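Here is the structure we will look at.
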Amino acid sequence: MSYFVTGATGFLGRFLIGNLLKRKGTIHVLVRRGSKDKFEALKERYPEAGERLVAVTGDLTKPKLGLSAEAQKQLTGKVRHFFHLAAIYDLSANAESQQAANIDGTRNAVELAETIRAGCFHHVSSIAAAGLYAGVFREDMFDEAENLEHAYFRTKHDSEGIVRKECKRPFRIYRPGMVVGHSQTGEIDKIDGPYYFFTLLKRLRQTLPPWVPTLGFEGGRINIVPVDFVVNAMDHIAHEKGLDGGCFHLTDPSPRRVGEVLNIFASAGHAPKMTMRIDARIFQFIPASIRGAIGMLPPVRRILNHTLKSLNIPADVLKFFNYPTRFDTRETERVLKGTGIRVPDLEDYAWRLWDYWERHLDPDLHVDRSLGSRVRDKVVLITGGSSGIGLATAKKVAAAGAKTLICARGLEDLEKAKAEIEAEHKGAQVFIYQADLSELASCDELVRKVLADHKGVDVLVNNAGRSIRRSIELSYDRFHDFERTMQLNYFGSLRLVMGLLPSMTERRRGHVINISSIGVLTNAPRFSAYVASKAALDAFSRCAASEFSDKNIHFTIVNMPLVKTPMIGPTKIYDNVPTLTPEEAGDMVVQAIIERPHRIATRLGIFAEMLHLMAPKVYQVVLNTAFQLFPDSAAAKGVKGGQDAPPSSEQVAFASLMRGVHW
């Protein structure tokens, strides 16, 4: 017995070859000239094949598959089973490529099968051949297919029609459902079908605990089958007698709805489930013309395209959310009866599919998320870069190959920082700029020098800042505290942003990182001047992000928790409570540079913000308790040479519980 297989190096083909090798006979495999490496990989996959796997050079798009006359002669009368698997199984592929592979390729395969007098032609079609038929599509139905406008459905239907109408050899047709990975190993070679939604589920897992209920949509029933079921069924049916001319649905007789399938994979990936699912069919009462018009509105189209792109979901996939077709499998079930070949329950193997995807196919695995990928040979300006968070960040970006610009008031400190960075990282490009960002004229001069020296800034880190810890009662006659804090923390940062944005806009790239405070989220007492200035910077960032999102300019807010820097030195209680090191804070800035999110904050900060929104009165009691527990320092009271009392155990315990919050 001898076989001829097209598409043997593809996903279905690789597994079918494994089944055929358990039988006797030579297996001839169609291989393009430029794909010999794929054939070698196939041989490595099945070392037991030996000389039974034979490569036949050809081309799917050529007449008689491009086989030479000599190859045709050698195969004539020797091939008992001709398996035609080669095709495009991709909704998002362009119409031209699908025409060439699915229709022309099938016609060329049928022609070759006739030429070499193959025993039986086995055509792997798809449930797509039914189009969007509304109702139950039987195995003996073909011309009844409906809504074949989409290229994938049309070419699958037409290629099957070629076999039915033009093939003079005995033939059998197989219509697999939506094929996913192996039910025992999870193996698959590309993202398709339900896999398109795995990124969304992973994002939900990263954002919410798995027990949080979410709202989702319900769609039609989708027919999912693992690759091992498909090839096992196909192999068995192909070798049974008396089935020529038959069509077999290799599908799940009890398919699940879209929402149920997504919940199964959410459970497999430890993501929150859609507790309430709205049936998408309720939108069908809106006339199609109106739905189409709404979808074409520029804001709607842009939001949808951005969302789908960020989640790696092709727009075409959504068109089939309400899939209307069910597939009858009576003939297939009759032939497979007693063999043990059946569709396994998705819940039993979904975790294997998820695990394989997360280990091998997750798009995030193939994205360079190193700091160097963002800053190598780019200009990064860090204010307050001579010490603390700024210096720690400067060391990291300099080590990653950035042109590192550090700015501070003291020239001596800047020179010391530059020498320290260059000593730790040989070849680092470090440039120093002396400026006082509390003076607007100094800000303007800094912008002028930087643009003259480097033509522009790719990443601006507004890190320089001033903090004042003093209750409002002690600030009645110290309005200048609010003025000078606002001058540096808000107006100084804003002046740099406004000065550098024109060049970023012109080059259509840029990233502004504003170092804010956890205090903006927690509303910590005694920091009204500091928190107000940082809140103003946060608000500006949110507004600017909306205006510049279409210009490839990103704004990130880092709500930094308490960091052990000279700025908190006067408050002695901070010597006894947990704080971040400047290096840990620098890691948060690095994360901002790499990921370019809208905001980076601690879980405690986000929780405090949510508590303030949901129960403001209760939250005020908590904050007032802290206000009473942590008194003003002697310096804040204006007591010269005064000493603060050592922290009490209650103070240390409370500060430790609320780690990172300014008190």
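Read the figures in this text as sums done on the coordinates, not as results from a lab. Please read all numbers here as calculations on a predicted model, not as lab measurements. Counting neighbours? That spans all protein chains shown, and the Cβs are built from the backbone with ideal geometry, glycine included.
Note on segment 119-197: Cα-Cα pairs beyond 17 Å make up 54% of the total pair count. Taking a virtual spin label 7 Å from the Cα of THR339 along the C-beta vector, which residues in segment 122-155 bring their backbone nitrogen under 18 Å of it? Those under the cut-off are 122-127, 139-140. Its Cα centre serving as origin, segment 48-118 has a Cβ charge dipole (Lys and Arg +1, Asp and Glu -1) of approximately 360 debye. Between beta-carbons, use under 13 Å as the cut-off and find the net charge around ILE432, counting Lys and Arg +1, Asp and Glu -1. Here the count lands on -1.
Subtracting the Cα-Cα distance of ALA95 and LYS426 from 0.36 nm times their residue separation leaves 113.8 nm of extension gain.
Taking 32 Å as the limit for the C-alpha separation, the pairs LYS416/LYS455; LYS396/LYS617; LYS36/LYS190; LYS202/LYS337 exceed it in the case of LYS396/LYS617; LYS202/LYS337.
Among the trypsin sites (Lys or Arg not before Pro) within segment 124-174, those in coil by DSSP and having at most 15 neighbouring Cβ atoms inside 10 Å are LYS168.
Distance from the Cα centroid of segment 236-271 to that of segment 471-534 is 58 Å (rounded to whole angstrom). Compared with the dominant Cα axis of the chain, that is its longest principal axis, helix 198-207 is turned about 20°. Think of it as helices only: each DSSP H run of n ≥ 4 in the chain is worth -39500 (n - 2.57), and spread over all residues that comes to -12500 deg cm²/dmol at 222 nm. Under the convention that each Lys and Arg Cβ holds +1 and each Asp and Glu Cβ holds -1, the size of the dipole of segment 2-362 around its Cα centre is about 300 debye.
Please list, in order, the residues from segment 77-95 whose amide nitrogen is less than 20 Å from a point placed 7 Å along the Cα→Cβ vector of ASN19. Answer for segment 77-95: 79-89. The slack in the chain from ARG257 to THR625, taken as 0.36 nm per residue of separation less the alpha-carbon distance, amounts to 127.3 nm. Of the residues SER125, VAL79, ALA145, the one whose Cα sits farthest towards the positive end of the charge dipole of segment 79-150 is VAL79 (charges of +1 on Lys and Arg Cβ, -1 on Asp and Glu Cβ, taken about the Cα centre).
Measuring from label point to label point, each 7 Å out along Cα→Cβ, what is the LEU365 to THR57 span in nm? About 3.5 nm, to one decimal. Of the residues ALA8, MET234, ILE264, the one whose Cα sits farthest towards the positive end of the charge dipole of segment 2-362 is ALA8 (charges of +1 on Lys and Arg Cβ, -1 on Asp and Glu Cβ, taken about the Cα centre).
When you filter the GluC sites (Glu not before Pro) in segment 63-158 for DSSP loop state and at most 14 other Cβ atoms inside 10 Å of their Cβ, you are left with GLU144, GLU149.
Listed values for segment 223-233 are Karplus-derived 3J(HN,Hα) couplings in whole Hz (6.51 cos²θ - 1.76 cosθ + 1.60, θ = phi - 60°), namely 9, 10, 9, x, 4, 5, 5, 4, 6, 5, 5, and x replaces Gly and Pro.
Where both partners of a DSSP beta bridge lie in the chain, what percent of those bridges are antiparallel, to the nearest 5? Taking every DSSP beta bridge with both residues in the chain, the antiparallel ones total about 5 percent. Using 0.36 nm per residue and subtracting the Cα-Cα separation, the extra length available between LEU318 and LYS455 on full extension is 44.9 nm. The separation of segment 6-81 from segment 138-175, counted between C-alpha centres, amounts to 25 Å.
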